[in-house]
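The values are calculated or read from the model by the stated rules, or taken from the named source; none is laboratory data. Quick caveat: nothing in here was measured; it's all calculated off a predicted structure. Counting neighbours? That spans all protein chains shown, and the Cβs are built from the backbone with ideal geometry, glycine included.
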Amino acid sequence: MSIKALISGGLAVAAIVAPATSAFAQTSPYQRGPDPTVARLQATQGPFATATTSVSDLSTPGFGSANVTYPTSTTEGTFGAVAISPGYTASESSIAWLRPRLASHGFVVISFNTNSRYDQPTARGDQLLAALDWLTQSSSVRTRIDVSRLAVIGHSMGGGGTLEAAKDRPSLQAAIGLTPWNLDRSWPEIQTPTLIVGAENDSVARVSSHAIPFYTSLPGTLDKAYLELNNASHFAPNSSNTTIASTTIAWLKRFVDDDTRYTPFVCPSPTAATTGSVSDYRSTCPF
């Protein structure tokens, strides 16, 4: 049986049980929002109302102009924060669709323009960390953030930058690389729970030479996962994508919020009902 058939069959079974998240004991003090369901993960708007503020590059040390989206209410407490980097030659607008979607599930999220469209992964990693530092120390929404719960996301060279950031700052709670590109293929030093999202038909950062080696080089003891988008190209993260959004939300909720209600959506595999078809999924589950 092919990998696709195995994945499809396994995901179909998982879809039956995944919504029953209330069966999982919840002990995290960082739990935010209602019990997750397939419908909530698929929706473009999560349970939190949000607002957005724009920041010029004159006010953002270490990175370019940015947009920040955040939950408007803090009645449930403070939130984890996430920084998002675009890919090579791309602007913040290329990945901006993901920012409000994540924020509406209970995160303060910044997506930014890089100092140069040609910045390499190391520079993008530095800028991801600079964005988190600015967000937690200087931004107008800093009091909404729990500084101990931070994460990074990036596309292409920005995805390679997430690995650089996680290597440099082991205290990060989650790293997510979307069709990531980096000439460094080995990451045994990373201690941050890491999700790698590859694309089956990626001709820019081929999964065989980027996403899969990144995943396999991460420590075997690490909480990690590799999801491959079925029939997708390198640029799949540049437009609204339910597979990317739902898996990213579940990963952030599980590891930034320590919310085990989201475990069934990433362990042992994402549900078919949540993500649609994927061509490969690997993980060090159980988390």
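The table below gives the values:
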| quantity | calculated |
| --- | --- |
| Residue check for Ser54: on the phi < 0 side of the Ramachandran plot, part of a loop (DSSP other than H, G, I, E, B) and either modelled with pLDDT of 95 or more or not polar (S, T, N, Q) (or both) | no |
| Output for region 247-287, where each listed residue is out of contact with any strand residue (DSSP E or B) (no Cβ under 7 Å at 6 or more places or on another chain), hydroxyl-bearing (Ser, Thr, Tyr) and either modelled with pLDDT under 95 or outside any helix (DSSP H, G or I) (or both) | Thr271, Thr274, Thr275, Ser277 |
| Residues (surrounded by 18 or more Cβ atoms within 10 Å (Cβ to Cβ) and assigned to a loop (DSSP other than H, G, I, E, B)) located in region 125-151 | Ser139, Val141 |
| Where Trp181 falls short, out of the listed (1) assigned to a helix (DSSP H, G or I); (2) buried (at least 24 other Cβ atoms within 10 Å of the Cβ) | (1) |
| Pairs with Cβ under 6 Å, 6+ apart, first in region 85-110 and closer than 19 Å to Val55 by Cα and of a type in the set (Ser, Thr, Tyr), second buried (at least 20 other Cβ atoms within 10 Å of the Cβ) and modelled with pLDDT of 95 or more | Ser85/Arg124; Ser85/Leu128; Ser85/Gly154; Ser85/Gly158; Ser85/Gly161; Ser91/Asn113; Ser94/Pro86; Ser94/Asn238 |
| Selection within region 89-118 - assigned to a loop (DSSP other than H, G, I, E, B), in contact with a strand residue (DSSP E or B) (Cβ under 9 Å, 6 or more places away or on another chain) and surrounded by fewer than 24 Cβ atoms within 10 Å (Cβ to Cβ) | Ala90, Ala96, Ser104, Asn113 |
| Those residues of region 57-75 which are of a type in the set (A, V, I, L, M, F, W, C) and surrounded by 13 or more Cβ atoms within 10 Å (Cβ to Cβ), in sequence order | Phe63, Ala66, Val68 |
| Residue match in region 180-191 (condition: under 14 Å from the mean Cα position of the chain (by Cα) and in contact (Cβ under 8 Å) with a residue 12 or more places away in the chain) | yes |
